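Here's the structure we're looking at; comments come further down.
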Amino acid sequence: KASENPDSFSVKDGVIVVHGPRAHLFYDGPVENHDFTNFHFKADVMTKPGANSGLYFHTRFQESGWPSIGYEVQVNQTHGDPKKSSGLYGVQDVAEAPAQDNEWYTQEIIVQGNRIVTKVNGRTLVDYVQPDDVEGDRKLSSGTFAIQAHDPGSVVHVKNIKVKPLP
């Protein structure tokens, strides 16, 4: 289910192509009734030069705007934003791009209890334990996933999305 600008998402040869004005593609399906708490997410991602995107989790559908609930894992190798791929956006950022544009990389997000781990090609980049007293809507709870279309100049490809619910 897409918000705002659904044409920012298309599928070509089994690959989700993200290209267009701001939008978010939310998972709205039967697995866990699209409400995940603990999970292991894995997807293959490729950025084109200058691309910016994100993978949200513990979020929920919003008609417009940047998702106000949940966490965003950044997708960005060479866009001007200094926050690079696999960082937990605005919480525990990654300063050095862990992958190259025009090359597939595997992004993992593992959430178990109050711990978030992100990996690129098997290498851990974030290992964050959320404090018990965290405030606001950027916190662990439960929810769905969303892929972000950030701006019309960004092109990102996503394929082989797998999610394993964890106890």
Checklist entry - When you look at residue 56, is it assigned to a strand (DSSP E or B), open to solvent by 20 Å² or more (accessible area, probe 1.4 Å), on the phi < 0 side of the Ramachandran plot and hydroxyl-bearing (Ser, Thr, Tyr), yes or no? => result no
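Taking segment 69-104 as the search range and keeping residues that are under 19 Å from residue 114 (Cα atoms), touching a residue at least 60 places away in the same chain (Cβ under 8 Å) and in a loop (DSSP other than H, G, I, E, B), which one is most open to solvent (accessible area, probe 1.4 Å)? Talk me through it step by step, then tell me what you get.
Looking only at segment 69-104, we keep the residues that are under 19 Å from residue 114 (Cα atoms), and these are 69-73, 86-93.
Filter once more, so that each one left must be touching a residue at least 60 places away in the same chain (Cβ under 8 Å): 69-72.
Checking the rest, the ones that are also in a loop (DSSP other than H, G, I, E, B) come to 69-70.
Details: 69: 31, 70: 0 Å².
Looking at the filtered set, the residue picked out is 69.
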Next on the checklist: Given the criterion open to solvent by less than 40 Å² (accessible area, probe 1.4 Å), under 23 Å from residue 26 (Cβ atoms) and not β-branched (Val, Ile, Thr), identify the matching residue among 63, 108.
Outcome noted: 108
Item to check | Residues satisfying the stated conditions in segment 105-136, i.e. on the phi > 0 side of the Ramachandran plot and in contact (Cβ under 8 Å) with a residue 24 or more places away in the chain | outcome: 113
Checklist outcome for this item: Reported set for segment 29-40 where residues are part of a strand (DSSP E or B) and in contact with a Ser or Thr (Cβ under 7 Å, 6 or more places away or on another chain) is 36
Checklist outcome for this item: All-but-one check, residue 43 against (1) part of a loop (DSSP other than H, G, I, E, B); (2) buried (at least 16 other Cβ atoms within 10 Å of the Cβ), failing number (1)
Checklist outcome for this item: residue 134 fails exactly one of (1) at pLDDT 95 or above; (2) over 23 Å from residue 10 (Cα atoms); (3) among the hydrophobic types (A, V, I, L, M, F, W, C); (4) surrounded by fewer than 17 Cβ atoms within 10 Å (Cβ to Cβ), namely (1)
Checklist entry - If you take the residues in segment 18-27 that are out of contact with any Phe, Trp or Tyr (no Cβ under 7 Å at 6 or more places or on another chain) and open to solvent by 30 Å² or more (accessible area, probe 1.4 Å), which one is nearest to residue 162 (Cα to Cα)? => result 19
Checklist entry - Mind checking which pairs have a first residue in segment 22-46 that is among the β-branched types (Val, Ile, Thr) and a second that is not in a strand (DSSP E or B), Cβ under 6 Å, 6 or more apart or different chains? => result 37/142
Checklist entry - Counting only residues that are surrounded by 15 or more Cβ atoms within 10 Å (Cβ to Cβ) and not polar (S, T, N, Q), how many does segment 137-167 have? => result 17
Next on the checklist: Would you confirm, using the coordinates I've provided, whether residue 70 is farther than 16 Å from residue 141 by Cα and more than 10 Å from the chain's Cα centre (by Cα)?
Outcome noted: no
Item to check | Boolean, residue 80 is under 27 Å from residue 33 (Cα atoms) and at pLDDT 95 or above | outcome: no
Checklist entry - Taking the condition closer than 21 Å to residue 105 by Cβ, of a type in the set (D, E, K, R), at pLDDT 95 or above and surrounded by 13 or more Cβ atoms within 10 Å (Cβ to Cβ), does residue 12 pass? => result no
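The values are calculated or read from the model by the stated rules, or taken from the named source; none is laboratory data. Because the structure is a prediction, the values reported are computed rather than measured. Using ideal geometry, Cβ is built from the backbone for each residue, glycine included, and neighbour counts are taken over all protein chains shown. Quick note on the areas: whole protein, heavy atoms, side chains included, nothing else; ligands and nucleic acids left out. Shrake-Rupley method; radii C 1.70, N 1.55, O 1.52, S 1.80 Å.
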